[in-house]
Amino acid sequence: MFDETRSTLSSHAQTTVRGPVESPGTDGFAITAFVLGLLGVVPLAVGFGIRALVRIGRTGRDGTGLAIAGLVLGALWTLGGLVAITPQQAKHAAAAPDYIDTMAVGDCLDSDADSAQVIRVACDLPHDEQIAARVDVGNGYETYPGLTALQELAQPLCRIAAAASFPGGTTPPGIEFAAHVPTESSWNAGAREAVCTARQVSGKLTGPVRP
């Protein structure tokens, strides 16, 4: 007699596939996110990382770790950039209008030819001038002699005094000196000193020029 049950089971056993199931592979977006994260291409690394996670959830492919690594690397690059920028921003934010006659020798500043005020600047940032010396220009004047007379008196005095402030009395190449003399109002208030500054012949200073 023909046994239908045994025949069916035997047929089923013969057609059953045994062996390892083939992996669907690693998601390409995840690989891309990881590589871009290593290179510091933050926006693309984050974008590909998010798209990879969404696609992996739908397809079941490998690459979750790579996608997450790409996102983490993007975050680290961003954090590193903020840490580097913040001190520079703080230095710029601290800059405020000031008067040159209230500043000390060694201070650095940005000057404005059309204003009596200057901007105090950290010497490791780009700036126009650094105060090198102060010289007396009172010279027995009872009344204000005028800007021209004070400039003619202060310029040679500043060249001598400012140059002496450098090691060995030698002025660094490309540096010149300027004399900031009292205005009439500051003279009447008792100011009798010219402020001698060192500045670049062309362009801004990028660091301190004197100790």
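What's the ranking of 71-78, 48-55 by average number of surrounding C-beta atoms within 10 Å, highest first?
Per-residue mean Cβ counts within 10 Å order the peptides as 48-55, 71-78.
Using amide H atoms built 1.01 Å from N in the peptide plane, name the residues 5+ places from V121, or on other chains, whose amide H lies under 5 Å from its own.
Distant-sequence amide H within range of V121: C108, L109, D110.
Defining a contact as two alpha carbons under 8 Å apart and six or more residues distant in sequence, what relative contact order in percent does region 160-211 show?
40 percent
Quickly work out the Y141-to-R58 label distance, labels modelled 7 Å from Cα along the C-beta direction, and quote it in nm with one decimal.
Label at R58, label at Y141, 8.1 nm between them.
So if R0 is 35 Å, what FRET efficiency would R192 and L79 give, r being the distance between their Cβ atoms, rounded to the nearest 0.05?
My answer for the efficiency is 0.10.
Collect residues whose amide H, placed 1.01 Å from N in the peptide plane, falls under 5 Å from the amide H of R134; neighbours closer than 5 in sequence don't count.
C196
Could you sort the peptides 34-41, 140-147 by per-residue average Cβ neighbour count (10 Å cutoff), highest mean leading?
34-41, 140-147
We did not get these values from a lab; they are worked out from the coordinates using the rules stated. Treat the numbers as computed from the prediction; the structure is a model and nothing was measured. Because the Cβ atoms are built from the backbone with ideal geometry, glycine has one as well, and the counts that use them run over all protein chains shown.
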